[in-house]
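Here the structure is laid out as structure tokens; the discussion comes afterwards.
The values are calculated or read from the model by the stated rules, or taken from the named source; none is laboratory data. The structure displayed is predicted, hence computed values, not measured ones. We place every Cβ from the backbone using ideal geometry, glycine too, and count neighbours over all the protein chains shown. With ligands, DNA and RNA removed, areas are computed over all heavy atoms of the protein, side chains included. Shrake-Rupley method; radii C 1.70, N 1.55, O 1.52, S 1.80 Å.
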Amino acid sequence: AKAAGRRTWRFFEASMAADLEARLAIEADLREALPGNQLEVMYQPIFALQTNRLSGFEALLRWRHPVRGMVSPGVFIPLMEETGLIEAVGRWVLEQATREAATWPAPLKVAVNLSPLQFRAADIATSMLHVLSQSGLAPGRLELEITESALLQSDGGVAEVLQAFRSTGIRTSLDDFGTRYSSLSYLLSFPFDKIKIDQSFVRDMATRAESVAIVTSVAHLANQLGMATTAEGVETAEQLRRVREAGCTEAQGYFFGPPESATELRRWFDEPSRS
Ligand code: C2E
Ligand code: CA
Ligand code: CA
Ligand code: CA
């Protein structure tokens, strides 16, 4: 038993070392991503459910690694956050996305994900206005998506930052709603314009009455508080019907379209409605 224990331990040690090596390698590569032109912003359409019209796009970051190929943001964004790289990269995404959106027909909007690190920066509202004025995009056409974890990690001042955005005309969305705790209290204390309901609830609506109840209640409460709601991860006509019935105001997901390049997405401008 002792020998087996030792073997197990050695096995773990070896695999941990391999993990660490892989991680260090990926971190070194990550520093090259921005200067090496390996990053690209893709855009996924978002639809307004009352009008069945395109309302805008969410900017989603992609990394084309020279050897590994496409690396998922679920893998590299956390590493960029730990290493602080997200500050420069996040700013680059904002510059790209606002410049691109300024070429879209008004009033189409662009939604950009803001990392907790960016959100905590003292001059965030001012630097956002600077990026906007450089791009020529009207502030009302920019939406910043902020996750609940960003709020938890922030040491106070959240309401002030959100208020500063609001007074400049920039819109804010609470992202991945429902994936963390004490969610409902955020709705009451913070002035968000929109709630993005996580795809895990949308996915389960066909099979779980609880998910239907949650999405319906959140959409209703948001509506009472003057906020919009986007259902994320809508993949089927059935899911679309359910989120519509639940009272969500917008929907996003593969049913409408996947994230695509700035060039590809322009085809949406010729056929802006979808039922
Ligand atoms: P998110 O903000 O929740 O973005 C939605 C994710 O769901 C995207 O994954 C999108 O491609 C995926 N998705 C869209 N429709 C569907 C669908 O119908 N079904 C399913 N199963 N998935 C769908 P993606 O692009 O891999 O991004 C993952 C996460 O990485 C994002 O989640 C966001 O948290 C983060 N992220 C992406 N780009 C940025 C960025 O520029 N800055 C920051 N800070 N985070 C980013
Ligand atoms: Ca998002
Ligand atoms: Ca989300
Ligand atoms: Ca998510």
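Give the carbon-plus-sulfur fraction of the accessible surface of the chain in %, rounded to a whole number; probe 1.4 Å, heavy atoms of protein chains only.
Heavy-atom surface of the chain belonging to carbon and sulfur, 1.4 Å probe: 54 percent.
A simple charge model with +1 on the Cβ of Lys and Arg, -1 on the Cβ of Asp and Glu and nothing else charged puts the dipole of region 108-248 at about 320 debye relative to its Cα centre.
Fully extending the segment from Ala106 to Ser154 would add 13.9 nm, taking 0.36 nm per residue of separation and subtracting the current Cα-Cα distance. What is the Cα centroid distance between region 90-104 and region 128-146, reported in whole angstrom? Between the Cα centres of region 90-104 and region 128-146 lies a distance of 8 Å. For the pair region 204-221 / region 227-275, the C-alpha centres are spaced 18 Å from each other.
Report the FRET efficiency, 1/(1 + (r/R0)^6), for Thr236 and Thr263, where r is their Cβ-Cβ distance and R0 is 25 Å, rounded to 0.05. So the FRET efficiency works out to roughly 0.35. A Cβ-based charge dipole, computed about the Cα centre of the chain with Lys and Arg at +1 and Asp and Glu at -1, lands at about 360 debye. Note that the chain presents 49 Å² accessible area per residue, ligands and nucleic acids not counted, probe 1.4 Å.
The relative contact order of the chain comes to 18 percent, based on Cα pairs under 8 Å that sit 6 or more residues apart. With K and R counted +1 and D and E -1, the other residues having a Cβ less than 13 Å from that of Pro191 yield a net charge of +1. Think of the chain as a dipole: +1 on every Lys or Arg Cβ, -1 on every Asp or Glu Cβ, centred on the Cα centre; then among Ala213, Leu24, Thr103, Ala213 lies furthest on the positive end. For the pair Trp92 and Tyr254, a Förster radius of 25 Å applied to the C-beta separation gives a FRET efficiency near 0.40, rounded to the nearest 0.05.
Report note on the peptides 233-241, 88-96: ranked by the mean count of other C-beta atoms within 10 Å, highest first, their order is 88-96, 233-241.
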